[in-house]
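Please read the structure below before turning to the comments.
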Amino acid sequence: MVVTKHFAVHSTKYRKSLIKYILNPEKTKQLKLVSDFGMSNYLDFPSYEELVEMYQANLTNNDRLYDSRNDRQQIKQTKIHAHHLIQSFSPEDKLTPEEINRIGYETIKELTGGNFRFIVATHTDRDHVHNHILINSIDLNSDKKLKWDYAQERNLRMISDRLAKEAGAKIIPPNRYSHEQFETYRKTNHKFELKQRLYFLMENSKNFEDFMAKAPALNVEMDFSRKHARFFMTDRDMKQVIRGNQLDKRQPYTEDYFREHFAKRAIEQRLDFILPRARDLSHLLEIAEQLNLKISPKKKHVTFTLKEDDRTISIENKKVSTKHLYDVQFFEEYFDNRDIIPDPDLTNLVSDFESYQEEQDEDKLPSEELLVVYKDFKEKRDKIQEFEVVLADHQIDKLVKDGIFIRMTYGVKKNGLVFIPNRNLDIHESEQGKSYHVFIRETAQFFIYNKENSDFNRYMRGRELIRQLTHDSKHIPKRRRPTMASLKEKIAELNLLIELDINNKSYQEVKDELIKDIAQLDLTITELQDKVAHLNKVAEVLLNLNNSDPENKRLARYDYAKMNLTPDIKLEQVDKEIEDIQDQMNAAIDDYEYRVRRLEKFVDRVNFEDYRNITNVKKFSDYGLFN
């Protein structure tokens, strides 16, 4: 699909050099593959050199207003002046450079919520077309900086993948890999079963050596002595071995793959242990080496080098954990925000860590218990409730090669998209047309995209997704495994099938009144935000009218004329007006959040009342309980 990389830009001089590089006419079809957002374009047909100066002037003027408003003693705020992203596409995607540029533009617009200036330049000088994206670190209002953390990294990747899927799926192949086919594959395929066993082994092994020693307990043989790793299950009717690259083409199962898995776990274990004991970053580096972990912080990334049993493995911070990014910014913020602690006793650091490791590994099963527990694990996995939801037409956003995007609502006034892969989807054709059947397990996780604000992107459990899709489609989901041990268990499972009673007039009136108030406040907040954005732009222009740099002054004068400003308008007046409107906006937001909480409590109450009053005969008859 798409590969994304992020680099922080630590100086304005380098930022300008980067603008020169990414706009290279030879790489961007003579600037035809360049797009931007939030820029004042005061030149109609700029040359390459003029475009570089114009973009740099836009970003510099943005910076100056922020600098004038903020305490520059906040040293961390001065370090990052822009964010450089590379978004690479495979030639197999068969997308045009223009489409790739549009994907880059839409990705960053959605990622930043349209609050930051950015440039997208598409380079065609390689076999794989790729975007170079430069995001200014300061928002359009010159009020705050873009914080790059693990959540931003995840959102970038997920949004980028979603838009690429949508753009790359113009022709839907007739032979789709359906849910029905996946179920057959899951029950009979050796590769699926082998991957389940290897996953279970990794979860119950302390390190690579323990992993290898326990493999025979699950009837798994592994050979890493050849070019490709080879796997065999002695208790299944296998005709030949399975190679590691057959289990996952993107990430083949090799000895290095498994060793890196356990190294990442060991690194994170050490970080969890020593972070609370370290005074600051330099102290952290010092005590980490006592546990055979070398931490090498650099501007763009942090490298962790672990030495165990005469083996050395180096891993970059992005690969270490799914919980934290573990970059320099993470460590600085960790120590800045933590309360001052007394110096811990580090005399027995190594032995204390070994005891900590033993505690962490207590839940790892011994070899003699593995097979019994694995069979129980498989049985429980197969018993997990799976629901079939028939989608309504209005829920379908786009059908793509790999699955389907579904529109949904979640929370209050939040609309999002969720991707359902082909293995969870069946498409039925009849005389009435096509119907889309989605199969969701209660314990599965799905990623929700909020196109308007990526801060609201989140994972959702299958159980919650079933409720949302059922409520939106008005179809009651079918159980895939309806057998129940007792009537009591069956009634307990009916909670997922209950819908709101929308015919209750008193409930409806209260709800309508609350929504009306929330909508009015939403309009008020939007108007105030627009006023603040306009006044911030005025302040930026006024501040840069006397800029010593001629290009910056030229940009300011262009905006001054375009906005019909007069000499009567003073920067101090504008700042005072911004402050007053900000106070009004904060009060409106507080009121808005209060009413939203009231609405959420009201919805919970209606749910509770409906659960109590719903007609038992109607619901139970669907399951034949009174037949």
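Just a few scattered comments:
- Distant-in-sequence amide contacts of Leu325, defined by a placed amide H-H separation under 5 Å and a gap of 5 or more residues or a different chain, comprise Tyr150.
- Qualifying trypsin sites (Lys or Arg not before Pro) in segment 20-128, DSSP loop, other Cβ atoms within 10 Å at most 13: Lys32, Arg72, Lys94, Arg126
- Just so you know, the averaged projected area of the alpha carbon convex hull for segment 255-388 sits at 12.4 nm².
- A convex hull fitted around the alpha carbon atoms of segment 220-292 yields 136 Å³ per residue.
- Percentage, to the nearest whole number, of Cα pairs in segment 343-439 over 21 Å apart: 63
- Cβ charges +1 (Lys, Arg) and -1 (Asp, Glu), total dipole of segment 258-360, debye: 660
- Taking a ≥ b ≥ c as the square roots of the eigenvalues of the Cα gyration tensor, an a/c ratio of 1.5 or more together with a/b no larger than b/c marks segment 2-168 as oblate.
- Loop-located GluC sites (Glu not before Pro) in segment 342-376 (DSSP state other than H, G, I, E, B) with a sparse environment of at most 15 neighbouring Cβ atoms within 10 Å: Glu362.
- When the convex hull of its Cα atoms is viewed from all sides, segment 386-481 shows a mean projected area of 6.4 nm².
Every number here is computed from the coordinates shown, using simple stated rules; none is lab data. All values derive from a computational prediction rather than experimental measurement. Virtual Cβ from ideal backbone geometry, glycine too; neighbours counted across all protein chains shown.
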